[in-house]
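Read the structure below first, then the notes.
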Amino acid sequence: MSAITATENRNVAQAAATAAQGTREYLSFKLGAEEYGIDILKVQEIRGYENPTRIANTADFIKGVVNLRGVIVPIVDMRVRFGLADVQYNSFTVVIILNIANRTVGMVVDSVSDVLELGGEQIKPAPEFNGAIDAAYITGLGTIKNGDAARMLILMDIEQMMTAPDMGLMDEPVH
């Protein structure tokens, strides 16, 4: 009888954990023609784009740094990082300020769309690309239905991406 009770307790605990994680909120943003989503809990604030102070000998995708209320924040241009052509800065260009691994980092995107709540049934697993495309930072694909139309949201693990060694933003890998 105690074995059944232990199994039932474990099943109830797993169901409660799943229900608690049932829906998550994502900040959606655009890079070129594609729409991406990141965990809203990683976002500190959204700011209009301002030219950062360029730092010598940094990767092309690191635009420089800005002083955000006394904190020096590195700014990463996600369009350059993803190799998108025709990088332009306009009135829709924004910087999403992130809290990643106890560090503040900014990322430049074309525009911010909205905050979306996605449940498990709206999220599909990330596709396998056989190494042709680095999809390590894609956690899944979200589907948002609006009437008869549906749009696809590429969900990213922004913390894993920003803390990767090739980004050069952290002293040591945080995994």
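Taking only pairs six or more apart or across chains, which ones have beta-carbon atoms under 9 Å, a first residue in segment 40-66 that is touching a residue at least 24 places away in the same chain (Cβ under 8 Å) and assigned to a strand (DSSP E or B), and a second residue that is surrounded by 14 or more Cβ atoms within 10 Å (Cβ to Cβ) and acidic (Asp, Glu)?
Within 9 Å, the pairs are ILE62/ASP77; LYS63/ASP77.
Of all residues in segment 97-136, which are in a strand (DSSP E or B), under 18 Å from PRO165 (Cβ atoms) and at pLDDT below 95?
Of everything in segment 97-136, those that are in a strand (DSSP E or B), under 18 Å from PRO165 (Cβ atoms) and at pLDDT below 95 turn out to be ILE100, ARG103.
Within the set of pairs 6 or more residues apart or between chains, which connect a residue that is on the phi > 0 side of the Ramachandran plot inside segment 87-110 to a residue that is among the aliphatic types (A, V, I, L, M) with Cβ atoms less than 8 Å apart?
ALA101/MET162; ALA101/MET170; ALA101/VAL174
Pairs only if they're at least six apart or on different chains, beta carbon under 6 angstrom, first in segment 141-169 and over 13 Å from ASP39 (Cα atoms), second of a type outside the set (Lys, Arg) and at pLDDT below 85; list them, first residue then second.
The qualifying pairs are MET162/LEU169; THR163/MET170; THR163/VAL174; PRO165/PRO173.
Which one is modelled with the lowest pLDDT, of the residues in segment 66-82 that are of a type in the set (A, V, I, L, M, F, W, C) and within 24 Å of ASP157 (Cβ to Cβ)?
Within segment 66-82, the first condition is being of a type in the set (A, V, I, L, M, F, W, C), and the residues that meet it are 66, 68, 71-73, 75-76, 78, 80, 82.
Imposing the further condition that a residue be within 24 Å of ASP157 (Cβ to Cβ) reduces the set to 68, 71, 73, 75-76, 78, 80, 82.
Values: LEU68: 94, VAL71: 94, VAL73: 95, ILE75: 95, VAL76: 94, MET78: 92, VAL80: 89, PHE82: 86.
Only one residue fits best here, namely PHE82.
Run down ALA85, ALA15 and say which single residue is modelled with pLDDT under 90 and farther than 25 Å from TYR137 by Cα.
Working: ALA85 fails: farther than 25 Å from TYR137 by Cα.
Selected residue: ALA15, the only one of ALA85, ALA15 that is modelled with pLDDT under 90 and farther than 25 Å from TYR137 by Cα.
Return yes when LEU84 is outside any strand (DSSP E or B), touching a residue at least 40 places away in the same chain (Cβ under 8 Å) and in contact with a helix residue (DSSP H, G or I) (Cβ under 9 Å, 6 or more places away or on another chain) and no when it is not.
Working: outside any strand (DSSP E or B): yes; touching a residue at least 40 places away in the same chain (Cβ under 8 Å): yes; in contact with a helix residue (DSSP H, G or I) (Cβ under 9 Å, 6 or more places away or on another chain): yes.
In short, yes.
The values are calculated or read from the model by the stated rules, or taken from the named source; none is laboratory data. Just so you know, these numbers come straight off a predicted model, no measurement behind them. Note that we place each Cβ from the backbone using ideal geometry, even for glycine, and neighbour counts take in every protein chain shown.
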